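Peer 1: Just dropping this structure here.
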Amino acid sequence: MDRLGIQASLSFILLIVSYLSFYYALPKRTAFARYSTLVLLIASGAPLAVLLVQESLREALDANIGLGMAFMLTWAITGVVLLVSLVLWINRIRKKR
């Protein structure tokens, strides 16, 4: 597997882990929360997935700025979701005390 494949796999794994952490940090895990988290996960990973497919079909050897932007967007979304889930976990722990 090449470097791009490893980076993409790790990005998707981190994105999934961050949304799982967010879902389990929610105070009420209803069906609406489950489906909305799933829709947000798919919407967050879609730009990177689409540009990865386009990159694999492209035969040019130059840099693809759009692919880099898609990686940065995915990493930014992952970071924000992880921060929000961390805040929710801290609030949950404080309420238990």
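The values are calculated or read from the model by the stated rules, or taken from the named source; none is laboratory data. Since the structure is predicted, the reported quantities are computational estimates derived from the model, not experimental observations. Don't worry about glycine lacking a Cβ; one is built from the backbone with ideal geometry, like all the others, and counts go over all protein chains shown. Each accessible area value is taken on the protein alone, full model and side chains, heavy atoms only, with ligands, DNA and RNA left out. Shrake-Rupley method; radii C 1.70, N 1.55, O 1.52, S 1.80 Å.
Peer 1: Would you pick out the residues in the stretch 53-85 that are open to solvent by 50 Å² or more (accessible area, probe 1.4 Å) and within 22 Å of Ser21 (Cα to Cα)?
Peer 2: Those that are open to solvent by 50 Å² or more (accessible area, probe 1.4 Å) and within 22 Å of Ser21 (Cα to Cα): Met72, Leu73, Trp75, Ala76, Val80, Leu82, Leu83, Val84.
Peer 1: Which count do you get for residues in the stretch 10-29 that are closer than 20 Å to Asn91 by Cα and hydrophobic (A, V, I, L, M, F, W, C)?
Peer 2: 5
Peer 1: What residue, among those in the stretch 24-52 that are under 21 Å from Ser11 (Cβ atoms) and surrounded by fewer than 12 Cβ atoms within 10 Å (Cβ to Cβ), is farthest from the chain's Cα centre (by Cα)?
Peer 2: Val39
Peer 1: Quick one: which residue in Leu20, Leu15 is touching a helix residue (DSSP H, G or I) at 6+ places or on another chain (Cβ under 8 Å) and surrounded by 13 or more Cβ atoms within 10 Å (Cβ to Cβ)? Show your work before the answer.
Peer 2: Values: Leu20 fails: touching a helix residue (DSSP H, G or I) at 6+ places or on another chain (Cβ under 8 Å).
Unique residue meeting the criteria: Leu15.
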